[in-house]
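Enquirer: Pasting in a structure now, in structure tokens, and then I'll have a few things to ask.
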Amino acid sequence: MRKGVLILTALILLTGCWDERQFKNISLVLSMGFDTGEEQAIRQTVSIPTVTRSSEGPGQEFINVLSTEAHTPREARDKIDMMISDNFDPSKVRVVVFGEELAKEGIFPVLDDMYRDPKSNLNAYMAVVEKGTAEEITRLRATGETRISEYLGGMLETAASSTHTTGENLQLLCAELIEPGIDFSVPLIELDKQNGAINFSGMGLFHEKTYTGEKISAEKSTLYMLLQGKKGKIARLTEKVSGENDEITSYATVEVNKMKRKMKLTVDDGVTADIHVNLELKVVEYPSDHLYVKGKIKMLEEQLTDVFTKESEKILTTLQEANSDVFGIGRRVKAYHPDYWNEVEWSEEYPEIAIVPHFDIKIIEHGIMN
């Protein structure tokens with residue numbers, strides 16, 4: 001009897017799925033692109049998959065790509081909503097792409113709608129199109145890929161896994177967008193029209209809410225990530241360690257097995273940030289060979305230390321020229337030295353501070369070949 005009363009009470013209290021949304025009534029947007037339109041408008045492009053039912057066998061998927069211009073993303077969304085048979089739904093958006101021109105004007109006003117809408121997918125990746133538009137990327141029909149969202153999302157995940165990008169999504173970027181004392185970078189992509197493909201071209205540097213136009217190249221992006229203390233599943237670097245000619249024997253390829261990174265901040269008359277990176281490396285390519293010779297590994301460690309230090313200095317110079325505090329040095333100054341923070345204008349101070357890289361490299365593996 002008691003069990004029956006409990007079941008009856010539970011049935012009365014359970015009101016069902018009040019916020020239920022059935023797939024048959026919505027159009028899922030999987031990728032979104034934003035560009036500057038005419039007369040200061042925003043041009044929004046979205047890709048929406050549609051599956052046609054079949055009485056025999058599996059249905060067939062079609063990708064519908066729509067573009068419109070409006071004063072705000074929400075207005076553009078409402079216009080697209082009137083072009084489709086079901087309701088516009090951003091809950092499964094995987095990638096948000098910005099055209100370079102719009103990114104330089106600022107991305108937060110565009111993302112504001114997504115941050116306010118509880119149905120938005122904040123796990124989506126973000127990228128900026130270099131030398132092109134987001135519409136071109138969204139409309140690309142990649143070879144072997146049905147959806148551009150799958151192609152581009154998979155490419156960005158792979159780049160994060162191989163330590164080329166941070167792998168941050170819209171949710172993680174939000175704090176860096178609105179908090180003073182820290183900036184961020186996002187993947188840059190470029191359309192390869194000849195091959196019908198998308199290339200990862202580096203990391204675009206942001207200051208506050210705008211893209212500065214400066215970047216860290218794809219070739220140096222792994223070292224850039226290591227300076228931030230971020231390592232994916234694989235971190236592999238190829239550097240020229242000897243010789244004046246660009247011969248194959250002048251290069252070495254190493255893979256990071258373990259790393260430790262710490263930053264020491266000194267605030268006196270000015271700010272000095274010492275970045276210490278300890279790397280345990282595995283040699284995966286070294287055409288010069290002879291690593292069995294006494295002192296050869298020590299020499300290679302010294303060569304790599306010298307190369308990494310010089311390349312890091314170039315990266316840090318680029319960051320300061322772009323006024324992009326991706327290390328969050330300003331955040332630390334604000335937290336631990338508030339008096340100094342209140343005395344200076346950080347946007348003016350940051351390009352002038354000293355940021356010094358230090359590397360401690362140890363080769364622990366060099367393969368079965370000596």
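Enquirer: Is the stretch 86-181 rounded, prolate or oblate when judged by the Cα gyration tensor, a ≥ b ≥ c being the square roots of its eigenvalues, rounded requiring a/c under 1.5 and prolate requiring a/b larger than b/c? Walk me through the numbers on the way to the answer.
Expert: Numbers: a/c = 1.39, a/b = 1.22, b/c = 1.14.
Rounded, because the longest to shortest axis ratio a/c is under 1.5.
Enquirer: How much net charge surrounds Arg43 when only other residues with a Cβ under 9 Å from its Cβ are counted (Lys, Arg +1; Asp, Glu -1)?
Expert: Neighbourhood net charge equals -4.
Enquirer: Output the peptides 28-37, 252-261 sorted from most to least packed, where packing is the average of other Cβ atoms within 10 Å over each peptide's residues.
Expert: Ranked from most to least packed, the peptides come out as 28-37, 252-261.
Enquirer: Also, I was wondering about something else. Could you give the C-alpha radius of gyration of the stretch 209-291 expressed as a fraction of 2.2 N^0.38 Å, taking N as the number of residues it contains?
Expert: Against the compact-globule rule of thumb, the ratio is 1.39.
Enquirer: In percent, how large is the relative contact order of the chain, given Cα pairs closer than 8 Å and 6 or more residues apart?
Expert: Relative contact order, the chain: 13 percent.
Enquirer: Further, regarding this structure: Anything over 25 Å Cα to Cα? Flag those among Lys230/Lys296; Lys260/Lys314; Lys264/Lys310; Lys230/Lys282; Lys231/Lys362, in the order listed.
Expert: On the way: Lys230/Lys296 29 Å; Lys260/Lys314 21 Å; Lys264/Lys310 20 Å; Lys230/Lys282 18 Å; Lys231/Lys362 17 Å.
Checking Cα-Cα distances, Lys230/Lys296 exceed 25 Å.
Enquirer: Would you mind classifying the stretch 292-370 by shape? Square roots of the alpha carbon gyration tensor eigenvalues, ordered a ≥ b ≥ c; an a/c under 1.5 is rounded, otherwise it is prolate if a/b is larger than b/c and oblate if not. The partial results should precede the final answer.
Expert: Numbers: a/c = 4.13, a/b = 2.99, b/c = 1.38.
Because a/c hits 1.5 or more and a/b exceeds b/c, the stretch 292-370 counts as prolate.
Enquirer: Determine the calculated [θ] at 222 nm for the chain from helices alone, applying -39500 (n - 2.57) to every DSSP H run no shorter than 4 residues and normalising by the residue count; nearest 500 deg cm²/dmol.
Expert: Calculated mean residue ellipticity at 222 nm is -9000 deg cm²/dmol.
Enquirer: Also: Determine the sum of side-chain charges near Glu136: Lys and Arg each +1, Asp and Glu each -1, restricted to other residues whose C-beta is under 14 angstrom from that of Glu136.
Expert: Around Glu136, the charge tally is -2.
Enquirer: Follow-up. How far is it, in nm, from the label point at Lys79 to the one at Glu321 when both lie 7 Å from their Cα along the line to the Cβ?
Expert: Result for the modelled spin labels: 3.8 nm.
Enquirer: With θ set to phi - 60°, apply the Karplus curve 6.51 cos²θ - 1.76 cosθ + 1.60 along the stretch 69-85 and write out the HN-Hα couplings as whole Hz, x wherever there is a Gly or Pro.
Expert: 10, 7, 6, 9, x, 5, 5, 5, 4, 5, 5, 5, 4, 7, 8, 10, 7
Enquirer: Another question about this same structure. For a quick check: with amide H placed at 1.01 Å from N, whose amide H comes under 5 Å from Val356's, ignoring anything fewer than 5 positions away on the same chain?
Expert: Ala273, Asp274, Ile275
Enquirer: Need one word for the stretch 216-370: rounded, prolate or oblate. Basis is the Cα gyration tensor (sqrt eigenvalues a ≥ b ≥ c); a/c below 1.5 gives rounded, then a/b vs b/c decides.
Expert: prolate
Enquirer: Give the ranking of Ile216, Ile234 by solvent-accessible surface, highest area first, calculated with a 1.4 Å probe.
Expert: Ile234, Ile216
Enquirer: In addition: Return the ratio Rg/(2.2 N^0.38 Å) for the stretch 217-257, where Rg is computed over Cα atoms only.
Expert: 1.30
Enquirer: Okay, moving on. Give me P(r) over the chain, computed from all C-alpha to C-alpha distances, binned every 10 Å, as integer percentages.
Expert: Result, from short to long distances: 5, 20, 25, 21, 15, 9, 4, 1, 0, 0 percent.
The values are calculated or read from the model by the stated rules, or taken from the named source; none is laboratory data. These numbers come from a predicted model, not from an experiment. Positions of Cβ are generated from backbone atoms using ideal geometry, with glycine treated the same way; all protein chains shown enter the neighbour counts. For the accessible areas, the whole protein counts, side chains as well, though only heavy atoms, and no ligand, DNA or RNA atoms are used. Shrake-Rupley method; radii C 1.70, N 1.55, O 1.52, S 1.80 Å.
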